[in-house]
Amino acid sequence: MAVMNGAQILVECLIREGAQVIFGYPGGVMLPVFDVLYDAKIKFILTRHEQGAAHAADGYARATGKVGVCMSTSGPGATNLVTGIATAFMDSIPIVAITGQVKTALIGNDAFQESDVTGITRPITKHNYLVKDVKELARTVREAFYIASTGRPGPVVIDFPVDVQTAKTEFTWPPSVSLRSYQPRYDGHPGMIKKAGKLIERSARPLVYVGGGVISSGAAPELLAFTEKIGAPLTTTFMGLGAFPSTHRMSLGMLGMHGTAYANHATMESDLILAIGARFDDRVTGRIDAFAPHAKIVHVDIDPTSISKNIRVDVPIVGDAKRVLPALGKAVKKAPDIKAWWEMIEKWKKEFPLRYKSDDHLRPQYVVEQIYEATKDRPTIIATEVGQNQMWACQWYKYKEPRTWLSSGGLGTMGYGFPAAIGAQMGCPDKVVFDIAGDGSIQMNIQELATAVNNKLPVKIAILNNGYLGMVRQWQELFYKKRYSGTPLKNPDFVKLAEAYGAKGMRITKKEEVPGAIQEALATDNVVVMDFVVEPEENVFPMVPAGEALNRMMNGMA
Amino acid sequence: MKHTLSMLVENKFGVLARVAGLFSARGYNIDSLTVSETEDPTVSRMTVVVNAQDERILEQIKKQLHKLIDVITVHDFLKKEYIDRELVFVKIEADKKRQAALAKTVKKFSGVLVEKKAGVVIVEIAAGQQDVRRFLDEIKDLKIVELVKSGCIAIAK
């Protein structure tokens, strides 16, 4: 085997791990690595801010199911990655982030552009490494990819001092990875599965409650088979959108704070909740002591720390949804008779449909619906920012496939959507990629217009421009007497801004212009910024006020 | 309730910070913590004594400790299934007369007077957590100049 320096070994390892693209930003202590990248067989995408690189790696990972890779220099470069790493951590997304570090001899001396990256990222990574010896490097990269992508996925940081990048050693590729202290359990406990099967057979009002775990597990086909077998209604979390076709007759859509009224009522009336790869987040449960008062709870999750964390679980099953769901299906000998339950649900569906005011105003929900209409027959990925735009994108776009919905759930990171869309477009060049944005969030990583335009990644940005930080304004309207503190926005001209970056800019102010404008954007082989000037004080309903029980919804239409 | 957590961890830098972080992030104080290499030099034993204000939170911390990549096993010792010891040094101000009385107490706890100077003695006790508390209670009327405890170590029976 050849003698190589650390920078060469790193790049060689990334290629061997199957990485095809790195999103990043160079800097002083990363010069040896960037020198190797100059003619390496791996694509490097220069973002305009390290946060954009981390989100792009995350969007790439969510859209493709592969590990996303991002890279930065030490100090400020690394700290700029932090929000992106925390975003991936909260949503269990596999990324490997490589950060430059000052010379090992200078670590701890307040050297120029030094920051304690392993210290800063410890609570927001699945694991992190500081490589102090070039001989450890290849094994470290292998472990990082293995840890990021197995079990409950998550981000791994490798902090890489500049002198280790230039140090030389014989390169050997570890044939496999085995960690005595990390052995995820994939098969569920047979006794527990049997018990859950019995509960399903005897249930009168079962409900399948699905989270992002089904998507990371690749278990959407198994979920469909299981749900159709037991005949139960199904609701997904925000992270679970796309795990089950929302157009399916058994789908109740999303539950939780801005979920459908019928999903929330079903949760509260259910006598058996089958939680698959979901974690009973507070945005899902509402008031925790009032949550699903009649239900026994079966919880399937690969991460034991998610089980009985917020909600006491009756049947815990630690395992991978892809393996547990078929076993659970087999354990159900006879599907329960739940005709009366479906009648209740159909009644709620009729009584409390998702709706918004239909008039001649340009309303944001209509824009999202029209994006769906224009893209429903072609492979499309929807990324979003955070706030009202995100919730309307949950409610009014119909997700049918896994990995078509990219949004920051756990951390709620404004500025996530556009760079994530860039990463997704990089990984899926044949798909249409939309970023549904607000006029606030889009400005948090607007600089990435340069990245998208320069790399010919024709992302379509739909700004639902209401002139406010809309979700915060909505809370101020409902709970703070309309005292709009810090929420009105004076925005730049988004059309001119797009044009300045070399993208196409469009402004849409009338309802009747919407379908045509979307078609025009889809026909454009360039980045398009669509500035939809929408109803300024439109609200997201239904809404469960924070701390209220899940069935105490404001519907806003009464 | 007091818990004695006994963990096997990888003997690497950073592991202690990861473990401590799970407690500190919740504003949990650790009563005592000891770390030392085991018979296998790649593995360290960590013994953490913590007072759980809420048993559910401790349960969650235990699961998260186990989830850390560098943690190999986590065991929460229950009463009677383990032996625990703590090494204690106490520097006490005591005149001749008090020293004699103290010697009796120390003997009762199988301790040793390791240093004796005019007016000051250093006592060494190695005992379980309960006995240490009892001993300190018996000498509470004496003037303690300095008290040093090693933190608890424990082994399964």
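Each value in this text was obtained by applying a stated rule to the coordinates, not by laboratory testing. Just so it is clear, the model here is predicted, and its values are computed rather than measured. Cβ coordinates were reconstructed from backbone atoms using ideal geometry, including for glycine residues, and neighbour counts include every protein chain displayed.
Here are a few things to note about the model shown:
- C-alpha long axis of helix B:15-24 to longest principal axis of chain B, angle in °: 80
- Within 10 Å of the Cβ of each residue in A:177-183, the mean number of Cβ atoms contributed by other protein chains is 4.
- C-alpha long axis of helix B:129-138 to longest principal axis of chain B, angle in °: 30
- Peptides A:498-509, A:252-263, A:121-132, ordered by how many other C-beta atoms sit within 10 Å of their residues on average, highest first, read A:252-263, A:121-132, A:498-509.
- With Cα atoms defining each centre, the stretch A:136-188 and the stretch A:492-558 are spaced 42 Å apart in the structure.
- Only Lys, Arg, Asp and Glu carry charge here, each on its Cβ (+1 for the first two, -1 for the last two); on that basis the protein assembly as shown has a dipole of about 2160 debye about its Cα centre.
- Applying a length cut-off of 20 Å (Cα extent along the axis) and a mean Kyte-Doolittle floor of 0.0 to the DSSP H helices of chain A leaves A:76-90.
- Average beta-carbon neighbours from other chains, 10 Å sphere, peptide A:129-135: 1
- Axis of helix B:55-67 versus longest Cα principal axis of chain B: the two differ by about 60°, to the nearest ten degrees.
- Simple Cβ-charge dipole of the stretch A:410-494, Lys/Arg +1 and Asp/Glu -1, about Cα centre, in debye nearest 20: 320
- Packing order of peptides A:178-190, A:94-106, highest average first: A:94-106, A:178-190 (average count of other Cβ atoms within 10 Å over each peptide's residues).
- Cβ neighbours within 10 Å from other chains - mean over B:60-68: 4
- For the stretch A:435-483, trypsin sites (Lys or Arg not before Pro) are listed when DSSP marks them as loop and at most 12 other Cβ atoms sit within 10 Å of their Cβ; the list is A:K456, A:K481, A:K482, A:R483.
- The residue list A:A335, A:L255, A:F226 was ranked by how far each Cα lies along the charge dipole of the stretch A:190-351 toward its positive end, using unit charges on Cβ atoms, and A:A335 comes out on top.
- Each DSSP beta bridge with both residues in chain A is either parallel or antiparallel, and the antiparallel ones are about 10%.
- Cα shape, the stretch A:190-351, gyration tensor, a/c 1.5 rule: rounded
- Taking all Cα pairs closer than 8 Å and separated by 6 or more residues, the relative contact order of the stretch A:320-476 comes to 21 percent.
- Top positive-direction residue, dipole computed over the stretch A:190-351 with Cβ charges, set A:T235, A:L325, A:V208: A:L325
- Three-way shape label, chain A, alpha-carbon gyration tensor, a/c 1.5: oblate
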